[in-house]
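Single-structure report; data block below.
The values are calculated or read from the model by the stated rules, or taken from the named source; none is laboratory data. The model shown is predicted, which means the values in this text are computed figures rather than measured ones. In this analysis, Cβ positions are derived from the backbone assuming ideal geometry, glycine residues included, and neighbour counts consider all displayed protein chains.
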Amino acid sequence: MPIGGFVVQTEPAATEKVKKELACLQGVEVYASDEKGNIVIVIESNSSDDMEEIVKKITSMEGVFTTGLAYLNAEDEVEKIEKGEYIPNISLGHNKPH
Amino acid sequence: MGLSRREFLKRTAALTAASYVGLELPFTLHKEASAADVDKWVRGSCRLCGVGCRLDLGVKNGRGVALRGVPESRTNLGYLCMKGMLFYKVMGHPERLTKPLYREKKDQPFKEISWDEALDIAAKKFAGAVTAYGNDSVAYYGSGQALTEETYIFQKVMRGGLKTNNVEGNPRLCMASAVGGYLTSFGADEPIGSYADIEKAHCFFIIGSNMAEAHPVIFRRLMRRKLDNPDKVKVINVDPRVSPTSRIADMHMQFKPGTDLAILNAMAYVIINEKLYDEKFINDYAVFRMGKEKKQVDFAAYKKFLEDYTPEKAAAICGGNITPEKIRTAAHWFAKSPATMSLWTMGINQRKRGVWANNLIHNLHILTGQLLKPGADSFSLTGQPNACGGVREGGGLCHILPGHRLVKIEKLRNQVEEAWGIPKGRIPPKPGYHTVAMFEAINAGKIKAIWINCTSPAQSLPNADKYRKGMSREDCFIVVTDIFPTKTTELANLVLPTAFHFEKTGVYGCTERRSQLTPKAIDPPKGAKPEVWIVREWALRLAKELNDPVIKQCVAPFIGKEEGYELPKAIWDEYSQKLTKNRDNDLRGATYEVLKSMPDGVQWPAPTEAFAKTGGTVKKFVRGIDPLADKEAKDDKPYQFYGPAHKDRKLWIWLRPYKGPAEAPDAEYPFYLSTGRIIDHWHTTSMTGRIPELMRANPYAYVEVNPADAKRLGIKPGDMVEVESRRGKNVLPAKVYEGPIEGMVFVYWHDMHEDRMINRVTKDAYDPGSKEPEFKICACRIKRVSGPKPLKPYIVT
Ligand code: SF4
C-alpha cells in the first residue's frame with residue numbers, strides 16, 4: 001500500500017473542476033490548492049502499479065498538465081517483494097518460449 | 001498523538017507536497033517527529049532519464065523504501081515523475097542476477113560459476129582474441145546509464161591497455177547528432193545554457209520532442225512559466241504527431257515526417273527577408289559555412305541559398321497543416337520574443353540528417369541573437385541519465401577520448417597517455433568502429449570478443465534481427481554486465497551480475513552540463529558487484545595473460561581500494577583532476593567532497609573548488625559568468641567562443657539543404673513508421689497488464705494509427721495490425737486516434753515480445769556525420785489481421 005504526496009498542476013480556470021474529479025477517485029485525497037492551479041493530493045493505492053495507473057488517469061484529465069511526485073513511501077510493498085508475496089512485473093527479456 | 005503509521009505517512013506525504021507550493025495544511029507533525037518515516041535519507045540522482053532530478057532515497061533496515069524530491073535542487077525543484085518508482089522495485093527484485101553465469105557455446109544452458117572463474121575466463125578470451133586476431137578484434141559497448149567512473153575505466157583499459165578504440169555506447173543511438181550539431185555550430189559540445197533559462201524565456205520552440213511525457217519534470221517548469229505569463233509566453237510545437245505537448249502549444253506545426261529541415265530553412269528565409277535578424281550579433285560572432293570542406297561564404301550566398309525555401313515552397317514540401325502564414329508567424333515569434341529557447345530530443349537526432357537538423361535549429365538562434373542572454377538557448381534534452389557526463393565527456397565513443405578530446409589528434413592522445421603514465425603512442429590514432437559498424441563487424445566475424453555493459457543492443461539496434469544473427473555467432477565471445485537478464489544476455493557466453501544505482505557510488509552528468517554524485521546507500525544483492533571492481537580485477541588478469549605491464553599500469557592507481565566508495569572516488573579524482581584539466585568541461589572543482597556538499601551538483605566549467613561551490617557555470621562563453629570565457633578572452637567582447645572545434649572562435653551558420661528520409665514511403669510500403677524510445681532496457685510493465693484489457697496502461701507496445709487511415713483500412717481500436725517493412729514485421733494492437741499525421745504510424749520500443757519488438761522493423765540507415773541511426777523514419781505497410789486478441793506479456797514467470 002504505497003503512499004504518495006503529489007502536486008497536480010492545473011489550468012487555474014479548471015482547478016475547481018479537477019478537484020471535484022479527484023475527490024471521486026478511489027485512494028485520492030485532496031489536501032489543499034491555490035489560485036495558481038496547484039492541488040496537493042495524497043494517493044494511497046494497493047500497489048505501486050495501481051498508483052501509476054491513477055497518476056496516468058489524473059494526468060490525462062482535462063485541465064491537468066502534470067502530476068509531480070514529491071514524496072513516496074512504499075515500505076510495506078518492499079516487504080512484500082522481499083517475502084516473495086509480490087513480484088514486480090519487469091519485462092526483462094528471458095528466453096521463455098510462448 | 002495516537003496517529004496510526006499510515007496516517008502518519010500520509011500526513012508526511014501531504015506536508016512535503018504542500019511545502020513545494022508554499023501551502024499551509026491544518027496540521028503539523030512536530031509531535032510525531034520522533035516517529036521517523038525512515039532510518040536515514042541518502043541524497044542522489046534519479047537514474048531513469050537525462051533530466052537529472054535530485055532525490056533522497058529513504059533507507060529502512062538496509063533497504064530502499066521511500067523517495068522524496070530535493071526542493072533546493074536547480075534541476076527538478078523537488079518534483080519527480082513516476083519512473084522513479086522503478087528504484088525499489090528493482091532493488092529487491094527476486095530476478096536480479098546474483099551469480100556469474102557461463103556457457104562455452106551459446107546453445108548450451110548457463111551454469112553458475114565463481115567470480116574468480118568468471119574473471120579468468122573473461123581475461124583469457126579477450127587476451128586470446130588479441131593474440132590471435134589483433135587488438136581491433138575486441139570491443140566494448142557501453143551505456144548512457146553507466147556511471148562516469150564506469151565508462152571512464154572501461155575505455156581506459158580498452159584504449160590504454162588493449163590498444164583499441166573500439167569503444168562505443170548506446171548514446172550513439174540517441175545523442176550523437178546533437179553532439180555533431182553542437183560541435184559544428186558552436187565549436188563545443190553540450191548546451192550553452194541551463195534549465196534556469198526556462199523561467200526567463202518568452203518563446204519556447206519545441207521540436208521533435210514530446211516532453212510532456214518524456215521529460216515531465218522539465219515540462220512542469222515550462223508550464224509554470226507559461227501559466228504565470230499566459231500572454232507573454234508563446235509555445236510552438238513542431239511535430240508530425242499530436243501529443244500532450246502539442247495540445248498545450250499556441251501553435252502546433254504538423255508536417256510529413258522528415259520535412260522539418262525545410263520548415264527550419266523557411267523560418268530562416270523569413271528571418272533574413274523580413275530583416276528579423278540581429279545584424280550586430282552576426283557581424284560580431286558568426287560566419288557562414290557550407291559543404292564538407294566547411295567553406296566560408298558570405299551573407300549574400302546564404303540569402304541566395306534560402307531562396308529555395310520560401311514559405312510557399314516549404315509549405316508545399318511539408319504538407320500537414322503547414323501554411324506559409326504559419327511559417328511566417330513562427331519566425332516572427334521566434335525572432336522577436338525577448339528570449340527564445342528551443343528544446344528537442346530524438347525527433348531531431350535520430351535522423352539520416354540529424355546533424356543538419358541540429359545545425360538548422362542553431363542557425364535560427366545565431367541569426368536572431370537568441371543565445372547567451374538570459375532565457376535564450378538552443379537546448380538539446382538528453383534521454384539517458386549519463387549520456388552527457390559519462391559517454392560524451394568521459395570518452396565513451398569510438399572517436400573521442402576523455403575531456404572532449406578527439407582520438408585523431410596526436411597532441412590530444414599524448415595528453416591522455418601522459419596523464420595515464422603509459423608510453424606515448426599506446427592509444428592507436430584511428431577511431432574504432434561506431435555502433436552500427438561495430439555490430440556489422442560482428443556479423444562479418446571481425447570481432448572475436450565484446451563486452452556489453454548495462455544495455456541491450458539485441459533489442460535496441462535498428463533492424464535488430466540482422467545484428468542478432470551476428471551476435472549469436474559462436475566465434476564472437478560476448479560478456480554482458482547487467483542487473484537483469486535481457487535479450488542480449490540470451491546471446492552471451494558470460495553474464496556478470498552488477499550493483500544497481502544507490503548500491504554503488506558514482507557521478508552522473510545530466511543534460512545541462514551538471515555533474516551529480518550518488519553515493520552508495522544500501523548493499524547490492526549478495527554476489528552482485530560494482531562494475532569498477534569488475535574492470536579492475538579483469539584488467540589485472542589481462543595484464544598477466546598478455547604479459548603486458550602497461551595494462552596493469554592502467555589500473556595501478558586503483559589497486560586495493562574499497563569498491564563501494566574509495567575506488568570510484570579514486571577513479572573520479574583521476575578523471576576530473578587530470579583529464580578535464582584545462583579542457584572545456586573542466587571539472588577539477590567538482591571533487592566528491594564538493595559534490596556531496598551541494599544539493600544539486602556542479603555545472604562545468606568549474607576549474608576550482610571555490611567556484612564549483614557556487615554551482616558552477618550557468619551559461620558558457622559569457623564573460624563574468626563562465627570563468628573560462630574570462631581566461632580565454634581574446635578581445636573585449638562579452639562572449640568568447642573558446643570551444644575546441646572552432647579555431648576561428650566563431651559561431652557557424654550552416655547552409656544545409658533539405659534532404660528527406662533515407663527510406664520514404666512508396667507504392668509498396670506506403671506508410672511512414674516512426675518509433676519512440678523508452679530509456680530502460682528492462683522496462684516495467686504493470687501487473688494490470690496481465691488483464692487482457694488491451695489498452696489499459698499500455699502494458700504492451702501498440703501501433704498508433706490515424707483515424708482516417710484506420711477507416712480506410714477497416715482497422716478498429718484494439719484490432720491486431722501487422723506492421724511490415726522491408727526488414728521485418730510486428731503484429732500489434734491498434735490504437736486509433738488523432739496522434740500521428742495521416743499516412744504515418746507510431747510504435748514505442750518498450751516491448752520485448754518477438755511479435756512487438758519494433759526494432760525488427762526499423763531501418764539501420766544512419767547519419768553520415770554522427771553515425772546515429774534513423775529510428776524516427778522508415779517506410780512500412782500495415783494491414784488488419786484480426787480483431788482484438790488477448791496478448792501474452794513478455795515477462796518473467
Ligand atoms: S524526469 Fe527523469 S530524472 Fe526526473 S524523476 Fe523522472 S525519470 Fe527521474
Show the residue pairs that are 6+ apart or on different chains and have beta-carbon atoms under 7 Å apart, the first residue being within the range B:124-145 and surrounded by 23 or more Cβ atoms within 10 Å (Cβ to Cβ) and at pLDDT below 95, the second being β-branched (V, I, T) and part of a helix (DSSP H, G or I). B:G144/B:V391
A:E35 being without any contact (Cβ under 8 Å) to a residue 24 or more places away in the chain and either over 15 Å from B:A17 (Cα atoms) or out of contact with any strand residue (DSSP E or B) (no Cβ under 6 Å at 6 or more places or on another chain) (or both): yes
Filter result (modelled with pLDDT of 60 or more and among the polar types (S, T, N, Q)) within the range B:642-698: B:S674, B:T675
Could you tell me which numbered condition B:E95 fails, if it satisfies all but one of (1) free of Cβ contacts under 8 Å to residues at least 40 places away in the same chain; (2) within 8 Å of chain A (Cβ to nearest Cβ); (3) away from the ligand (no atom under 16 Å from the Cβ)? (1)
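So that you can scan it fast, the table gives a plain yes or no per residue for (1) more than 24 Å from the chain's Cα centre (by Cα); (2) within 21 Å of B:F502 (Cβ to Cβ):
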site: B:G527; (1), (2): yes, yes
site: B:W533; (1), (2): yes, yes
site: B:A539; (1), (2): yes, no
site: B:E562; (1), (2): yes, yes
site: B:P568; (1), (2): no, yes
site: B:E593; (1), (2): yes, yes
site: B:P599; (1), (2): no, yes
Got a number for residues in the range B:223-250 being within 16 Å of the ligand (Cβ to nearest atom) and either within 9 Å of chain A (Cβ to nearest Cβ) or in contact (Cβ under 8 Å) with a residue 60 or more places away in the chain (or both)? 3
From the set of residues in the range B:52-83 that are part of a strand (DSSP E or B), in contact (Cβ under 8 Å) with a residue 60 or more places away in the chain and buried (at least 24 other Cβ atoms within 10 Å of the Cβ), which is farthest from the ligand (Cβ to nearest atom)? B:G64
Among (1) within 15 Å of the ligand (Cβ to nearest atom); (2) at pLDDT 95 or above; (3) within 11 Å of another protein chain (Cβ to nearest Cβ), which single condition is B:A13 missing? (1)
Could you identify the single residue in B:F299, B:F255 that is farther than 19 Å from B:A376 by Cα and in contact with a Gly (Cβ under 9 Å, 6 or more places away or on another chain)? B:F255
Does B:A331 fit the bill of being over 30 Å from B:K200 (Cα atoms) and buried (at least 20 other Cβ atoms within 10 Å of the Cβ)? no
Top-ranked residue in the range B:482-521 [being more than 11 Å from chain A (Cβ to nearest Cβ) and among the β-branched types (V, I, T); ranked as nearest to the ligand (Cβ to nearest atom)]: B:T511
What do you reckon, is B:V130 assigned by TED's automatic domain parsing to the domain that holds B:I442 and farther than 21 Å from A:V8 by Cα? yes
Give B:G69, B:G78, B:G84, B:G58 a once-over and let me know the one that is over 26 Å from B:I198 (Cα atoms) and within 10 Å of chain A (Cβ to nearest Cβ). B:G58
Selection status of B:E742, surrounded by fewer than 24 Cβ atoms within 10 Å (Cβ to Cβ), of a type outside the set (G, A, S), farther than 18 Å from B:P171 by Cα and within 13 Å of chain A (Cβ to nearest Cβ): no
Members of the range B:708-742 that are more than 28 Å from the chain's Cα centre (by Cα), among the β-branched types (V, I, T) and outside any loop (DSSP other than H, G, I, E, B): B:V721, B:V731, B:V736
Output the residue which, of all residues in the range B:33-51 that are more than 12 Å from chain A (Cβ to nearest Cβ), more than 9 Å from the ligand (Cβ to nearest atom) and under 23 Å from B:V507 (Cβ atoms), is nearest to the chain's Cα centre (by Cα). B:G44
Select from the range A:63-89 the residues that are more than 19 Å from the chain's Cα centre (by Cα) and facing chain B (nearest Cβ under 7 Å) and write down the one among them that is modelled with the lowest pLDDT. A:I87
Of the residues in the range A:1-39 that are closer than 20 Å to B:F8 by Cα and part of a loop (DSSP other than H, G, I, E, B), the one that is farthest from the other protein chains (Cβ to nearest Cβ) is A:Q26
In the range B:209-248, which helices (runs of 4 or more DSSP H) lie fully inside it and hold 1 or more residues that are closer than 26 Å to B:P385 by Cα and at pLDDT 95 or above? B:216-228
For the range B:339-360, state whether one or more residues are over 21 Å from the mean Cα position of the chain (by Cα) and buried (at least 24 other Cβ atoms within 10 Å of the Cβ). yes
Taking the range B:16-32 and the residues there that are surrounded by fewer than 18 Cβ atoms within 10 Å (Cβ to Cβ) and assigned to a loop (DSSP other than H, G, I, E, B), the one that is nearest to the ligand (Cβ to nearest atom) would be B:G22
